[in-house]
Amino acid sequence: MLSKSSDLAGLDRRAQVVQKKVIELASLSLGRDLTTSAMDELLYGTQTGFDSIALMEFILRLEEEFGLSIPDEDLDPDVFGSISTIVAYVLHRLDKDVPSAHI
Amino acid sequence: LRILKLVIWDLDETILRGILEEGDEEINPLASTLMQQLDRRGILQALATQNPPERILAAIHQFGWSDRFVQVEADLGPKAKKVKRILDNLGVDALDAAFVDEDPFERDSIAVQISGMTPWSMADLEAYLAGDASPVTNEARRRPQMYREQQARVQGQETASDYADFLRSCNIQITIRPYRPEDAMRAEELLTRTHRMNLGVLSVREAIARLSQPGEHRVLVAEMKDVYGDMGRCGIVHVTPDGEGGVLIESLAISCRTRARGLSLAMLVGLLRHANTQFDRYRCRYVFNGTNRPLRMLLMGAGFKAQPEMEELVLDADRLASVELPNWAHIGYKSEGGEF
């Protein structure tokens, strides 16, 4: 299951580091400051969210930052819908299937 | 060179026979002919020169070039930096641009410093134009004007205090309508010139051939304009019913003219919400072509989900209906007979 912001508050330091970094990268690509209160805000298909170019830029930044390669099959609107679902995805990838990944 | 969208000219001893600062103001007749040919085909032209900006401004006025170059970079810095700034500002890929300079040293220097850029002498450009039979549509002819309008938009945006307010003030109108035979040349142009937002499953030739084939397929065109100007036909989708209530997207291309936030999504969703394309489900294959990952992001933004077992992306009608579009784009729908 994907984590909600309230769950992340009690998570370990690693999750907090990932969350902080994801918020920072999303803020850069969106051109506005996100905070932890925006964890469940929809990130596209909205007035203030990503457009396709900003979303691509954000995903490239995620890949670089965490040493991940995000395959096209994972580009799912439910996975990349909000900061909390993205954090859950990154943690899942770091845990499971990317030995070279780092934070 | 993929397709020639932009020519960046050198001035001294290329467009001019001599050096401007030394008082040699005679224009090379071949340069003059080539610039006119480029204008007629709607190929953008820019100028990169090491002359001082104030001298260049005077020369542009003197030679009547105020509508000729969509961007002028003039300073004493390195030529490659100026060329790079022009590409970045106009959003043109180096693979779609040529740098024209009569000095082989400058050409080689640019080739080394800007990957993918085509360095040409004027004779090279002349040979290219002589062998190029690309269609020239209304949109193509208006392209330099459209880039100037885009620059006005950017200036308007820079002076606006809020980007969303600025976009709302632009009165952006997107019209979705059925494809007509007279759209064929523009359809070919969109499918050929669009790289970032092109599904690219079919070859352009195959995609064009299918547009005019009889059958159940539907083709929709999106046009866009705002207070700054008319961007013309910017998007096309071609779908074929699958016989099970759904539809397969055969071709999809959306021009980079829709760069402002959310407009590509508005255009895609508008194309799929037209009465002619209302189905239970939308399926498409996506083939990465080296540059079209933004389209993959756009498809995700519209709610398309990967179906690994089918190697397809699928979007249900309910999800399509729930996509929230930016309120700065007004979408109008037209049928064969009129508006609805």
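The values are calculated or read from the model by the stated rules, or taken from the named source; none is laboratory data. In this text the structure is predicted, and so the values were computed from the model without any measurement. All Cβ positions, even for glycine, are placed from backbone atoms using ideal geometry, and neighbour counts span all protein chains on display. We work out accessible area using only protein heavy atoms, side chains counted, and drop any ligands, DNA or RNA first. Shrake-Rupley method; radii C 1.70, N 1.55, O 1.52, S 1.80 Å.
Of the beta bridges DSSP finds with both residues in chain B, what % are antiparallel, to the nearest 5?
Values: 32 of 56 bridges.
Percent antiparallel among DSSP bridges in chain B is about 55.
Distance from the C-alpha centroid of the range B:278-296 to that of the range B:60-137: 33 Å, rounded to the whole angstrom. Could you let me know the centre-to-centre spacing of the range B:11-31 and the range A:61-88, using Cα atoms, in angstrom? Going from one Cα centre to the other spans 54 Å. Of the solvent-accessible surface of the range B:116-238, computed with a 1.4 Å probe and all protein chains present, 48% belongs to carbon and sulfur. Taking every C-alpha pair closer than 8 Å and separated by at least 6 residues, the mean separation divided by the residue count of the range B:27-141 gives a relative contact order of 25 percent. Any chance you could tell me what percent of the C-alpha pair distances in the protein assembly as shown go past 33 Å? Of all Cα-Cα distances in the protein assembly as shown, 43 percent exceed 33 Å.
Computed from Cα positions, the angle between helix B:184-193 and the longest principal axis of chain B comes to roughly 70 degrees.
Run the numbers on chain B and let me know its relative contact order in percent, using alpha-carbon pairs under 8 Å that are six or more apart.
Numbers: 583 pairs, mean separation 49.0, N = 340.
RCO, chain B: 14 percent.
Residues whose amide H comes within less than 5 Å of that of B:F304, counting only those at least five positions distant or on another chain, are absent (H built at 1.01 Å from N in the peptide plane). Expressed as an acute angle from 0 to 90° and rounded to the nearest 10, what is the orientation of the C-alpha long axis of helix B:53-63 relative to the principal long axis of chain B? Helix B:53-63 and the main axis of chain B meet at about 80 degrees. Distance from the Cα centroid of the range B:185-205 to that of the range B:231-247 is 14 Å (rounded to whole angstrom). For the range B:275-317, the residue among B:N276, B:G290, B:F304 whose Cα projects farthest onto the positive side of the dipole built from Cβ charges is B:G290.
Loop-located GluC sites (Glu not before Pro) in the range B:86-129 (DSSP state not H, G, I, E or B) with no more than 14 neighbouring Cβ atoms inside 10 Å do not occur. Chain A contacts chain B over a buried accessible area of about 2000 Å², both sides summed; the probe is 1.4 Å and only protein chains count.
Shown in residue order for the range B:122-135 are the 3J(HN,Hα) couplings computed by the Karplus curve 6.51 cos²θ - 1.76 cosθ + 1.60 at θ = phi - 60°: 5, 5, 4, 5, 4, 5, 4, 5, 5, x, 9, 10, 4, x Hz (x for Gly and Pro). Converting phi to 3J(HN,Hα) with the Karplus coefficients 6.51, -1.76 and 1.60 and the offset θ = phi - 60°, the range B:3-13 yields 7, 7, 10, 8, 10, 9, 9, 8, 9, 5, 6 Hz in sequence order, with x at every glycine or proline.
Can you give the local net charge around B:Q307? Use residues other than it whose beta-carbon is closer than 10 angstrom to its beta-carbon, Lys and Arg +1, Asp and Glu -1. Intermediate results must be reported in sequence, preceding the final value.
Working: positive: B:R283, B:K305; negative: A:E73, B:E309, B:E311, B:E312.
Charge balance in the 10 Å sphere: -2.
Per DSSP helix of 4 or more residues, -39500 (n - 2.57); summed, then divided by the residues of the protein assembly as shown. What does that give at 222 nm, rounded to the nearest 500?
Numbers: 17 runs with 179 residues, N = 443.
So the calculated ellipticity at 222 nm is -12000 deg cm²/dmol.
Remark on B:I8: its backbone amide H falls under 5 Å from those of B:A46, B:A98, B:F99, B:V100, a criterion applied only to residues 5 or more positions apart or on other chains, H modelled at 1.01 Å from N. Label reach from B:D242 (point 7 Å along Cα→C-beta): in the range B:257-297, amide nitrogens under 17 Å belong to B:272, B:277-287. Compute the long axis of helix B:143-159 from its Cα atoms, compare it with the longest principal axis of the Cα atoms of chain B, and write down the angle in degrees, 0 to 90, nearest 10. Here the helix axis deviates by roughly 80 degrees. With the cut-off at under 18 Å, measuring from each backbone N in the range B:137-163 to a point 7 Å along the Cα-to-Cβ line of B:D67 picks out B:137-152.
Assign one of three labels to chain B, namely rounded, prolate or oblate, based on the Cα gyration tensor with a ≥ b ≥ c the square roots of its eigenvalues; rounded applies when a/c is under 1.5, prolate when it is not and a/b is larger than b/c, and oblate otherwise. Write down the numbers at each step before the final one.
Numbers: a/c = 2.27, a/b = 1.90, b/c = 1.19.
Prolate shape, in that a/c is at least 1.5 and a/b is the bigger ratio.
Take the alpha carbon gyration tensor of the range B:86-233, find the square roots of its eigenvalues, order them as a ≥ b ≥ c, and report rounded if a/c is under 1.5; if not, report prolate when a/b exceeds b/c, else oblate. It is oblate, given that a/c is not under 1.5 and a/b is not larger than b/c.
For the set A:K20/B:K305; B:K84/B:K225; B:K81/B:K305; B:K84/B:K305, the pairs lying more than 32 angstrom apart at their alpha carbons are B:K81/B:K305; B:K84/B:K305. The distance between label points at B:Q173 and A:T35 comes to 4.2 nm (points 7 Å beyond Cα on the Cα→Cβ vector).
Are there GluC sites (Glu not before Pro) in the range B:1-85 that DSSP puts in a loop and that have at most 15 other Cβ atoms within 10 Å, and which ones?
Working: sites: B:E13, B:E21, B:E22, B:E25, B:E26, B:E54, B:E73; in loops: B:E25, B:E26.
Answer in residue order: B:E25, B:E26.
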